[in-house]
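Asks: Attaching a single structure in structure tokens format; questions to follow.
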Amino acid sequence: MPPALVAHDPYAAPSAPHDPYAAPVAAQHDPYGTPAAPPAPGATGQHHHPFGAGQPLGGWGAHDVTPARPGPRWSRRPARLPGRVPRRPGPGGPRKKRGGLIALVAAVALVAGVAGGAVGVAVADRDDTSVSAKADRSSTTVQANNTQKNEPAPGSVAGIAQKALPSVVTIKAQGNGESGTGTGFVFDTEGHILTNNHVVAPASTSGGKLTVKFADGSSYGASVLGRAEGYDVAVIKLDTPPKGKLTPLPLADSDKVNVGDSTIAIGAPYGLESTVTTGIISAKDRPVASGDETGAQASYMNALQTDASINPGNSGGPLLDSSGAVIGINSAIQSNASSNGRAGSIGLGFAIPVNQAKWVADTLIKTGKPVYAKLDVLRNDDYKGDGAQIQTRDIQGQPAVTPGGAADQAGLKPGDVITKLGGSPIENGPALVSKIWTHKPGETVDVEYTRNGQTATTKVTLGTRVGD
């Protein structure tokens, strides 16, 4: 965060998180809906992913899932490329060179002005009409009409931002020795605010505190209503909702978004409230596992990818389309680390599609608990081939395929490699989780898999898991 504009780092490092990539452990839920294998060394309990850093899964070395292995590939943790920060120019050479450059630019500008004058005279001399000296010196500046108003054009970015900003809030969370700043937006007139789970996680503990600040500067206390760690979605509610002030942002159909569509992101990057950036949808259905800089993963999404500038503090804010409707919740970025270890935008931001976020939010408002679809298998993250392999054996007494579960009823066996789900190619285990969670429990999906080198298909009716 820029020194003079200090706001608590919305992505302050949390306690060591549980690693969804680790082998399963008894009595813990696997993202597929069955107990997972033992956590990787050093992994601990609940967490949030304060950096909101994400990584696409598949196609970029996604099969490398070693937690502690940094590098420029798309591995489990965001790529961190080494680099140096240029030193501030000191007195002497560099400053003199800069001054020389300015002088050169001034000289060129001056010469250009003289040349332009000469051209003007030459053109005038060719005209038989005499021109007075006073006319030669007259200005050619054109003054705009006095009827011009300081109002944004209909449908412009300025117009969309002006309409949306009153419904976008900055969220400050404190608790358990942590604090952070993120973004959210008005979900309904009842005082519900939609945001990321990792934004409000510091305030989810006993004694936690949430403050919601609107664009006009007014602030209100709030409480966490429900959190879905796996989806990275949370709903908070204003303690005393202001009457007549809450205008929900309209929600678009994120399934109809196209690559190349314009996007507008609103948030508080590095604590700079009500910041508006623009870009396009640069990819759809991007499987992303998001987590913190330790390499542990906390959530999965089949994301909308955008090149709109998104930085720490944008998390939880709306990604809008060209009509001003919400198409996603800005949640994660892929970034090279700066010299101080903080992430910054390189034009790869990821948003949770709003269709999924709305369903999760509605569930949290009704029950306070998240609900996930599950396949009832243990996955083998040591598998290096294409696709997601079901474990070949039981792990600590937990069967690779749960008897009577969704996969078992569909005829899947230990060692099967799932290559497609719902018609979408599956690169690896985490990508399979991202795709499963785009579906609701009880939905029936087509599954393509290989067994002993032979390709087969089946239909799976997904099971249900309640809670994180």
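Asks: Evaluate Rg over Rh across region 185-328, taking Cα atoms for both radii and Kirkwood's formula for Rh. Spell out each step's value before the answer.
Replies: Numbers: Rg = 15.3 Å, Rh = 16.0 Å.
Result for region 185-328 is an Rg/Rh of 0.95.
Asks: Okay, next question. Rg/Rh for region 307-431 to two decimals, with Rh computed the Kirkwood way over all alpha-carbon pairs. Don't skip to the answer; put the middle values down first.
Replies: Values: Rg = 19.0 Å, Rh = 17.7 Å.
Radius of gyration over Kirkwood radius for region 307-431 works out to 1.07.
Asks: Taking the simple approach of a point 7 Å from Cα along Cα-to-Cβ for both residue 142 and residue 206, what is their distance in nm?
Replies: So the two model labels end up 7.2 nm from each other.
Asks: If you don't mind, there's one more thing I want to ask. Hand me the trypsin sites (Lys or Arg not before Pro) from region 367-468 located in a DSSP loop with no more than 14 other Cβ atoms within 10 Å, in residue order please.
Replies: Numbers: sites: 374, 379, 384, 393, 420, 435, 451, 459, 465; in loops: 384, 393.
When the trypsin sites (Lys or Arg not before Pro) of region 367-468 are filtered for loop state and at most 14 Cβ neighbours within 10 Å, 384, 393 remain.
Asks: Given a 1.4 angstrom probe, I'd like the percentage of the accessible area of region 403-468 that is carbon and sulfur, rounded to a whole number.
Replies: 45 percent
Asks: Across region 230-240, in residue order, what do the Karplus-derived ³J(HN,Hα) couplings come to in whole Hz, using 6.51 cos²θ - 1.76 cosθ + 1.60 with θ = phi - 60° and x for Gly and Pro?
Replies: x, 8, 6, 10, 9, 10, 10, 10, 5, 5, 10
Asks: Rounded to the nearest 20 debye, what is the charge dipole size of region 333-468 about its Cα centre when +1 sits on each Lys and Arg Cβ and -1 on each Asp and Glu Cβ?
Replies: It comes to approximately 300 debye.
Asks: Then there's this: Restricting attention to region 175-255, which trypsin sites (Lys or Arg not before Pro) occupy a DSSP loop and are surrounded by at most 14 other Cβ atoms within 10 Å? Provide the component values of the computation, followed by the final result.
Replies: Values: sites: 209, 213, 227, 237, 243, 245; in loops: 243, 245.
Within region 175-255, the qualifying trypsin sites (Lys or Arg not before Pro) (loop, at most 14 other Cβ atoms within 10 Å) are 243.
Asks: Sticking with this structure for a sec: Ordered by residue, what ³J(HN,Hα) values in Hz, to whole numbers, does region 454-468 give under the Karplus form 6.51 cos²θ - 1.76 cosθ + 1.60, where θ = phi - 60° and Gly and Pro are x?
Replies: 9, 8, 9, 10, 7, 10, 10, 9, 5, x, 10, 10, 10, x, 8
Asks: In 10 Å bins starting at zero, report the fraction of Cα pairs in region 391-453 per bin as a rounded %.
Replies: 19, 55, 25, 1
Asks: Here's something else I'd like to know. Leaving out ligands, DNA and RNA, and with a 1.4 Å probe, what % of the accessible surface on region 144-207 is carbon or sulfur?
Replies: Here it works out to 46 percent.
Asks: With every protein chain kept in place and ligands, DNA and RNA left out, what is the accessible area per residue of region 390-457? Probe 1.4 Å, answer in Å².
Replies: Ligands and nucleic acids excluded, the figure is 45 Å² per residue.
The values are calculated or read from the model by the stated rules, or taken from the named source; none is laboratory data. Being a predicted model, the structure only gives us computed values, none of them experimental. Counting neighbours? That spans all protein chains shown, and the Cβs are built from the backbone with ideal geometry, glycine included. Surface accessibility is based on the protein's heavy atoms, side chains included, excluding ligands, DNA and RNA. Shrake-Rupley method; radii C 1.70, N 1.55, O 1.52, S 1.80 Å.
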